[in-house]
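The values are calculated or read from the model by the stated rules, or taken from the named source; none is laboratory data. Bear in mind the structure is a predicted one, so any value in this text is a computation, not a measurement. Don't worry about glycine lacking a Cβ; one is built from the backbone with ideal geometry, like all the others, and counts go over all protein chains shown.
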Amino acid sequence: MPLKALQLQTEEGDSALAYAAITGNTKVAKIIIRKDPNLPNMQDAKGKIPLRYAAQHGHWETLLYPLSVTNDSVIPGSALVEVIKDSIDAGFYGVLQAY
């Protein structure tokens, strides 16, 4: 799939990576992130990044992979705080250690 197609967003701002995070499809998320390591930082219309969706839907592996390869300096500080909060709400107490 061309990189431009992976960067497309719906009217709500959802990307292919957001859908992979929502459904817990870690295999697809890995493929997308390998094509463009900045995609985990793409915000939707509500300001959410795909990592939040993975946490909110209880997909630990799908959350963990982007955290392991994403440059934390490019994740907006408030978005990272929300990812941590959503992870704790999902019972993923080890997210800080994994990160």
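Observations, loosely collected:
- Residue in the stretch 34-48 that is under 11 Å from the mean Cα position of the chain (by Cα), among the hydrophobic types (A, V, I, L, M, F, W, C) and at pLDDT 85 or above present: yes
- Test for Lys4: is it farther than 25 Å from Gly94 by Cβ and either part of a helix (DSSP H, G or I) or not hydroxyl-bearing (Ser, Thr, Tyr) (or both): yes
- Selection count where residues are acidic (Asp, Glu) and either at pLDDT 90 or above or touching a Leu at 6+ places or on another chain (Cβ under 7 Å) (or both), scope the stretch 73-99: 2
- Some residue of the stretch 23-31 being assigned to a loop (DSSP other than H, G, I, E, B) and in contact with a His (Cβ under 7 Å, 6 or more places away or on another chain): yes
- Number of residues in the stretch 20-67 that are buried (at least 18 other Cβ atoms within 10 Å of the Cβ), small (Gly, Ala, Ser) and within 17 Å of Gly94 (Cα to Cα): the value is 2.
- Candidate set: the stretch 1-15, residues that are of a type in the set (Gly, Ala, Ser) and within 14 Å of Lys48 (Cα to Cα); chosen: the one surrounded by the most Cβ atoms within 10 Å (Cβ to Cβ): Ser15
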